[in-house]
Amino acid sequence: MTDFQPARGTRDLIGEEQRRFRHVVETARQVAATYGFDEWATPIFEDTRVFSRTMGETSDVVTKEMYTFQDRGGEGLTLRPEGTAGVCRALVSNGLTQSLPQKVFYAGPMFRYERPQKGRYRQFHQIGLELIGPAEPLADAEVIACGWHILQALGVAQDTVLELNTLGDKESRAAWREALVAYFTEHQAALSQDSLARLDRNPMRILDSKDEGDRRIVAGAPTIGAHLTEAAAAFYDGLKAHLARFGVPFVENPKIVRGLDYYVHTAFEFVTTKLGSQGTVMGGGRYDGLVAELGGPPTPAVGWAAGIERLAMLLEAPPPSAAPVAVVPVGDAAEAAALDVLQALRAAGVRAEMAYRGNLRRRMERANRIGARAAVIIGEDDLKAGVAQVKDLGSGAQDAVPLAEVAARLA
Ligand code: ATP
Ligand code: MG
């Protein structure tokens, strides 16, 4: 027999890990709803061009990380490496480009062929927001405030710092790009192979390099500040003013660029020092050109995505699972009555379990092992009297309760 293991870079979520995971998603879903976001679920695979067109043909994700395949009908498909392109494709496919704004929340698996390490997997999971329609910096602030609110609700906000930057508008970027090319050309002897390739095609991406040598050069690279047009500077000032009003603390970091091509104006990351080099827990920005790339009208939009695994690791403690009630029949005659009580408890919304076999001692041992909060014991005499002994397993207190009232008592 082959000793099967999960495929490299994938994980099974069981027990505490799954509870952490679910807590992240449920908390985010709830907070996002208070900001007016509706949940969408889009397919986990799409026409490859949905990603290659929008994320940039030269981006790391498209050149190295996509799970791309041909299906049996010869369609070129890709397991989604991120959520934004699929949501924008869905906006266009469903004719929603005239019904703006759309405020979208999503949660689900993403796939990237990466070198697996702590906090970096090949199947990982993201929650994300997209606010599609408004061009105002208030939208950017609202999306960021919602993200921060989620981090607060998870109890991890104090472990993260919001790093904020602007990538300017087209004009600002063209000027900045020129300055970057001049600077990196001067230092090209010391650049990594990857970054040399980026120099022609997308010099901004060198700023995002994880190579040690590159990072030393990047430290001295020109920033966009001096190249911002008046309009782009005003947009950025507007965003910062709204964030201040919302009480969201941030630091400015002119090196934040985001890994994908489609961003303009706002770029931001929530980073933590608690997860080693996988420190970015949430990242996003404004992507005004993306909907048009997918065949829709020019449509401004802003959003973010956060890694659920990384958030789950930051959680102080996972939420406990609800303690069950153990139903304990003694003797065959009691079992039928016990099953009625068991189903009545479940119908009342109580987590209830009954062992499949065993005497009183065995069944009580099991009740303790599963962390039951109470045992409902039904012996021969109880059966005759039409009652059950309801035992609080915390205090040890025990009490005879009519069978028909057990569920109400424990609900
Ligand atoms: P990184 O710089 O860590 O590679 P990224 O810029 O590629 O991140 P995004 O595309 O912005 O990441 O995705 C948003 C978030 O999704 C990241 O901040 C991170 O929390 C999470 N994430 C991205 N890739 C992975 C992965 N392979 N495994 C686990 N989480 C990931
Ligand atoms: Mg990456």
What's the long-distance tail for the chain, i.e. % of Cα pairs beyond 40 Å? 33
With the charge dipole of the chain built from beta-carbon charges (+1 for Lys and Arg, -1 for Asp and Glu) about the Cα centre, the Cα from 294, 21, 52 projecting farthest to the positive end belongs to 21
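Tell me, what is the percent relative contact order of the chain, built from C-alpha pairs under 8 Å that lie six or more residues apart? Write out the running numbers ahead of the final one.
On the way: 740 pairs, mean separation 68.2, N = 411.
Over the chain, the number comes to 17 percent.
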Sorted from fewest to most neighbouring beta carbons within 10 Å, what does the list 146, 88 look like? 146, 88
About the Cα centre of the chain, how large is the charge dipole given +1 on each Lys and Arg Cβ and -1 on each Asp and Glu Cβ? Please answer in debye to the nearest 20. 820
What is the Cα coordinate range of region 89-163 on the first, second and third principal axes, sorted by size from largest, in whole angstrom? 43, 31, 20
Would you please classify the overall shape of region 60-196 from the alpha carbon gyration tensor, given that a ≥ b ≥ c denote the square roots of the eigenvalues, rounded means a/c under 1.5, and beyond that prolate means a/b larger than b/c while oblate covers the rest? rounded
Can you tell me the orientation of helix 84-93 relative to the chain, as the angle in degrees between its alpha-carbon axis and the longest Cα principal axis, to the nearest 10? 90
Gyration tensor (alpha-carbon) shape descriptor, region 293-354, a/c threshold 1.5: prolate
To the nearest 10 degrees, the tilt of helix 137-153 (Cα long axis) against the first principal axis of the alpha carbons of the chain is 30
What nm distance separates the two modelled labels at residue 277 and residue 255, each placed 7 Å from Cα along Cα→Cβ? 1.4
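Need one number for region 164-253: average projected area of the convex hull over its C-alpha atoms, nm².
6.2
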On a 0 to 90° scale, report how tilted helix 16-34 is relative to the longest principal axis of the chain, with both axes built from alpha carbons and the result rounded to the nearest 10. 70
Using 0.36 nm times the number of residues separating residue 96 and residue 182, minus their current alpha carbon distance, what extension gain do you get? 26.7 nm
With θ set to phi - 60° and the Karplus curve 6.51 cos²θ - 1.76 cosθ + 1.60, what are the ³J(HN,Hα) couplings of region 173-185 in order, to the nearest whole Hz, using x for Gly and Pro? 5, 4, 5, 5, 4, 4, 5, 5, 4, 4, 5, 5, 5
How big is the gap, in Å, between the Cα center of region 60-90 and the Cα center of region 1-48? 18
Square roots of 5 times each gyration tensor eigenvalue, C-alpha, region 300-411, largest first, Å: 38, 15, 12
How many angstrom lie between the Cα centre of region 276-311 and the Cα centre of region 354-370? 51
If Lys and Arg each add +1 and Asp and Glu each add -1, what is the summed charge of the other residues whose beta carbon sits under 14 Å from the beta carbon of residue 238? -3
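Give the shape of region 202-296 as rounded, prolate or oblate, defined through the alpha-carbon gyration tensor: a ≥ b ≥ c are the square roots of its eigenvalues, a/c under 1.5 means rounded, and otherwise the shape is prolate if a/b is larger than b/c and oblate if not. Don't jump to the answer; show the numbers that get you there.
On the way: a/c = 1.38, a/b = 1.19, b/c = 1.16.
Because its axes are fairly even, with a/c under 1.5, region 202-296 counts as rounded.
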FRET E, pair residue 340, residue 14, Förster distance 25 Å, beta-carbon r, rounded to 0.05: 0.20
Per the rule of 0.36 nm per residue minus the C-alpha distance, extending residue 360 to residue 226 adds in nm 40.4 nm
Inter-label distance, nm, simple model (7 Å from Cα along the C-beta direction), residue 7/residue 398: 5.4
Students often check this: by mean Cβ neighbours within 10 Å, which of 298-308, 215-225, 268-278 ranks highest, and how do the rest follow? 298-308, 268-278, 215-225
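What ranking do 367-380, 284-297 get when scored by the average of other Cβ atoms within 10 Å per residue, highest first?
Averaged packing, sorted descending, gives the order 284-297, 367-380.
FYI, it's all coordinate maths here, none of it is from the lab. Note that this is a predicted model, so its numbers are computed, not measured. Backbone-built Cβ (ideal geometry, glycine too); neighbour counts: all protein chains shown.
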